[in-house]
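A.B. asks: Here it is: the structure, laid out below.
Nothing in this text is a laboratory measurement; each read-out follows from the coordinates by a stated rule. Just so you know, these numbers come straight off a predicted model, no measurement behind them. Reconstructed Cβ throughout: ideal geometry from the backbone, glycine too, with neighbour counts over all protein chains shown.
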């Protein structure tokens, strides 16, 4: 079964490894995330070597169908954040022995 790691869990791990307080690590991580959001909202691309690349792409407008009623609806174009995995992460995660099982 897959386990979820939260931002709090990450803060606690980093605080222990760096001998910083939980609050200092939490503020630092939040500032990092806020900077990523700020850069993306300005249309900038974020490249973190070996980790990955975040960028904005425009998803085209399209027609969609409500599966319940069958009614056609127009979905307007919108910007979406896409993430492309970096080399180190691809190697580490791709070779990980823990893969989600298809049988439950």
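A.B. asks: Based only on other Cβ atoms within 10 Å, what is the fewest-to-most ordering of 32, 51? Can you show the working numbers first?
C.D. replies: On the way: 32 10, 51 14.
Listing 32, 51 from fewest to most nearby Cβ atoms yields 32, 51.
A.B. asks: Determine, at each q value in 0.18, 0.20, 0.26, 0.32 (inverse angstroms), the log₁₀ of I(q)/I(0) that the Debye formula gives when each Cα of the range 1-44 is one equal point scatterer.
C.D. replies: Values returned for q = 0.18, 0.20, 0.26, 0.32 Å⁻¹ are -0.61, -0.68, -0.84, -1.01.
A.B. asks: Quote the Stokes-Einstein diffusion coefficient, in whole µm² s⁻¹, for the chain, based on the Kirkwood radius over alpha carbon pairs, a temperature of 4 °C and a viscosity of 1.567 mPa s.
C.D. replies: Numbers: Rh = 17.6 Å.
In µm²/s, the coefficient is 74.
A.B. asks: Can you work out the FRET efficiency for the pair residue 49 and residue 14, with r the C-beta to C-beta distance and R0 = 22 Å, to the nearest 0.05? Numbers along the way, then the final one.
C.D. replies: Working: r = 19 Å, r/R0 = 0.88.
The calculated FRET efficiency here is 0.70.
A.B. asks: For residue 90 and residue 35 in the same chain, what is the full-extension length gain: residue separation times 0.36 nm, less their Cα-Cα distance, in nm? Can you show the working numbers first?
C.D. replies: Numbers: separation 55, 0.36 × 55 = 19.80 nm, distance 2.42 nm.
Stretched out fully, the residue 90 to residue 35 stretch lengthens by 17.4 nm.
A.B. asks: Quick one: helix 22-41 against the long Cα principal axis of the chain, what's the angle to the nearest 10°, folded into 0 to 90?
C.D. replies: Its long axis makes an angle of about 30 degrees.
A.B. asks: Can you give the angle from 0 to 90° between the axis of helix 7-18 and the longest principal axis of the chain, with both taken from C-alpha atoms, to the nearest 10?
C.D. replies: Compared with the principal axis, the helix lies near 30 degrees.
A.B. asks: How many percent of the alpha carbon pairs in the range 46-94 exceed a separation of 15 Å?
C.D. replies: Details: 735 of 1176 pairs.
For the range 46-94, the share of Cα pairs beyond 15 Å comes to 62 percent.
A.B. asks: Right, another one. To the nearest 0.05, what FRET efficiency results for residue 5 and residue 63 with a Förster distance of 30 Å applied to their C-beta separation?
C.D. replies: Numbers: r = 38 Å, r/R0 = 1.28.
The computed FRET efficiency comes out at 0.20.
A.B. asks: With a cut-off of 8 Å between alpha carbons and a minimum separation of six or more residues, what is the relative contact order of the chain in percent? Walk me through the numbers on the way to the answer.
C.D. replies: Values: 103 pairs, mean separation 20.7, N = 104.
It rounds to 20 percent for the chain.
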